[in-house]
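One structure below.
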Amino acid sequence: MLISCALPISINLSGVSRFSTHDAHTTFVTETPPHVVGGFRWGGGQYSRSNESVRSSKAKRFQYAVRSEVQKVKGDMGGPSDDGGLYMGFDFGTSGARVMVIDEKGDLCADGKRMYPVVPEAEWASMWKDTLFSLIQSLPAEVLSRVVAVSLDGTSSTTMIVDRKSGEPVTRPILYNESRPQALPFVEAIAPPNHTVSTGTSTLCKLVAWWIEGGSELEKDVLMLHQADWLLSLLHGKLGITDYNNALKVGYDPETEDYPGWLKAQPYASLLPQVKEPGALIGHVASDIASAFGLREDCEVYTGTTDSIAAFLAARVTEPGEAVTSLGSTLALKLLSTSRVDDARFGIYSHRLGDKWLVGGASNTGGAVLRQLFTNEQLKELSSQIDPSQPSPLDYYPLPRVGERFPEADPNKESRLSPRPASDVEFLHGILESTARIEGRGYKALDELGATPLKAVKTAGGGAQNVVWQKIRERVLGVPVSASEQTEAAYGAALLALYGRRGWVQTAQENLVSSTS
Ligand SMILES: Nc1ncnc2c1ncn2[C@@H]1O[C@H](COP(=O)(O)OP(=O)(O)O)[C@@H](O)[C@H]1O
Ligand SMILES: O=C(CO)[C@H](O)[C@H](O)COP(=O)(O)O
């Protein structure tokens, strides 16, 4: 049965070795997958802090409402039709990047994936740019010519300092999990106690570290951007625009929808980007980009988000108490909560989502450690020999390198992976179980600080395919654990383009359309 994308072909560009130029993989969907009309009702919930400040008219713009149940193809989602337009979302994760193209019903039409090649730090930004353009080029002309909206997610607090005019990076990007503890005293001196920025891995610490180490001399010539902002600017040609998810860790307050006074008073405040809500229209793709890649001149670019929030959007979690664990290279927890919780001592912060909050944090444990020890094939083979009903007696703290962000913010925390048993099955069991325990500690910490109690977990990321791990996690967490139907953050980024473009923006609570009401 052909899908609404009506793509006549199926191509599989087989991958090449991981460290070659690109691990190419592009497939076009020719079967109609059980399509989901993504999303949930962002609105109507009560939460404890300053409801009025969020329920401002401006805030109401963020309350999306879309059908929250799986629908067959014929479901009419309402909203203006795009006459067969397609929506393209990019995910720039920790180990690679993906693109997904969906139609207005949420059916997947095409996707592509590139593992990042190993390049020197100074070439990270140009490698990301090459990866973005090669992903676009991997899609067929008839798909690209139908794309009407684009969005993109990147790793949170990956920080870039770029030339204010050319957009060229003036220094290498500082990655999401890098720490700049030397800036912490300066940040703690200006920010409220235990503020989200008061941790070495925050975007603000990275900006301040660069500033105090000589960057201040460039004040008039540079801007600070996040990875997602910079990559999107390559498509729309404007500089200095971000979203309030990416801006959280530089100090932006999504509740007041502004940078706080203590941050605006700083000499480096002039480097801070303008903040819009996720899925906000930035503009059309630049004409040179449109002509180079066969995109429509009127293809629109929308602000993005972070990778774990895109994974949350893809999972279509609808109720407070439901959570999404992104089991990618890292372990990122996102709990939908009616109350906001922030405490830098534990690496806990809240992202805004309409009038609710995504409470959580990101641990450095997760798939990156597994990748250091096992191939994906070994993971499958060894996992199949584990009995998930039996706890492992091994007590590890698996980290890919020194430093942890959540549920303890400790830049000096060392990995613990000993004693290593002779059996690799027992070793992997210990790692999966210990990672599940860290996940459990994370959700317990959110509960103890007043977030909506956990009632179910969906899983995104590469680890979501591991059913044995899922059963271990279910035993450890004590709530139902399942894999998201869409585990790819790129699908969430495509939904963001769809919601932004289709005007799924409601101007008043009473106009919210939702099947959950
Ligand atoms: N069967 C498996 N069980 C557990 N983890 C897996 C399995 N297959 C792959 N992974 C892990 O998934 C991770 C990649 O997930 P992905 O979401 O692509 O990461 P990211 O987007 O953070 O780079 C790798 O670190 C890999 O070790
Ligand atoms: O671990 C990460 C990279 O994969 C990011 O830190 C993750 O996105 C969590 O950050 P946020 O909660 O701001 O999305």
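General remarks:
- Shape parameters for the range 180-269, alpha-carbon atoms, Rg then Dmax in Å: 13.1, 39
- Distances between placed amide hydrogens fall under 5 Å for residue 279 paired with 303, 304, all partners being 5 or more residues away or on another chain.
- Length released on extending from residue 441 to residue 264, taking residue separation times 0.36 nm less the Cα-Cα span: 60.2 nm
- Sequentially through the range 205-219, phi angles give Karplus couplings (6.51, -1.76, 1.60; θ = phi - 60°) of 5, 5, 5, 5, 4, 5, 4, 6, 9, x, x, 4, 5, 9, 2 Hz, Gly and Pro residues having no value and appearing as x.
- Of all lysines in the structure, the ones whose alpha carbon falls short of 25 Å from that of residue 334, not counting any fewer than 8 places away in one chain, are 58, 60, 113, 206, 249, 276, 356, 413, 444, 455, 458, 471.
- Counted by Cβ distance under 10 Å from residue 393, the other residues give a net charge of -3, where Lys and Arg count +1 and Asp and Glu count -1.
- Formal net charge of residues neighbouring residue 218 (Cβ-Cβ distance under 13 Å; K, R +1; D, E -1): -3
- Approximate spin-label separation residue 142-residue 296, in nm, with each point projected 7 Å along Cα-to-Cβ: 1.7
- Maximal additional length on extending the residue 389-residue 134 stretch stands at 87.4 nm, based on 0.36 nm per residue less the C-alpha distance.
- Principal axes of the range 343-413: Cα extent on each, largest first, Å: 43, 31, 24
- The simple Förster model, with R0 at 25 Å and r as the Cβ-Cβ distance, assigns residue 372 and residue 175 a FRET efficiency of 0.90.
- Residue by residue, the range 340-353 carries 3J(HN,Hα) couplings of 8, 9, 9, 7, 5, 4, 10, x, 9, 8, 10, 8, 7, 9 Hz when phi is fed to the Karplus relation 6.51 cos²θ - 1.76 cosθ + 1.60 (θ = phi - 60°); x denotes Gly or Pro.
- Debye log10 I(q)/I(0) at q = 0.21 Å⁻¹ for the range 203-318, Cα point scatterers: -1.16
- Mean Cβ neighbour count within 10 Å, used as a protection proxy, ranking 448-461, 210-223, 233-246 highest first: 233-246, 448-461, 210-223
- Solvent-accessible surface ranking, highest first, for 195, 284 at 1.4 angstrom: 284, 195
- Between the range 118-135 and the range 395-451, the Cα center-to-center distance that results, in Å: 31
- For residue 94, residues with placed amide H under 5 Å, excluding near neighbours: 329
The values are calculated or read from the model by the stated rules, or taken from the named source; none is laboratory data. Bear in mind that the values here come from a model prediction, so they are computed numbers and not experimental data. Note that each Cβ is placed from the backbone with ideal geometry, even for glycine, and that neighbours are counted across all protein chains shown. These area figures cover heavy atoms from the full protein model, side chains too; ligands, DNA and RNA do not enter into them. Shrake-Rupley method; radii C 1.70, N 1.55, O 1.52, S 1.80 Å.
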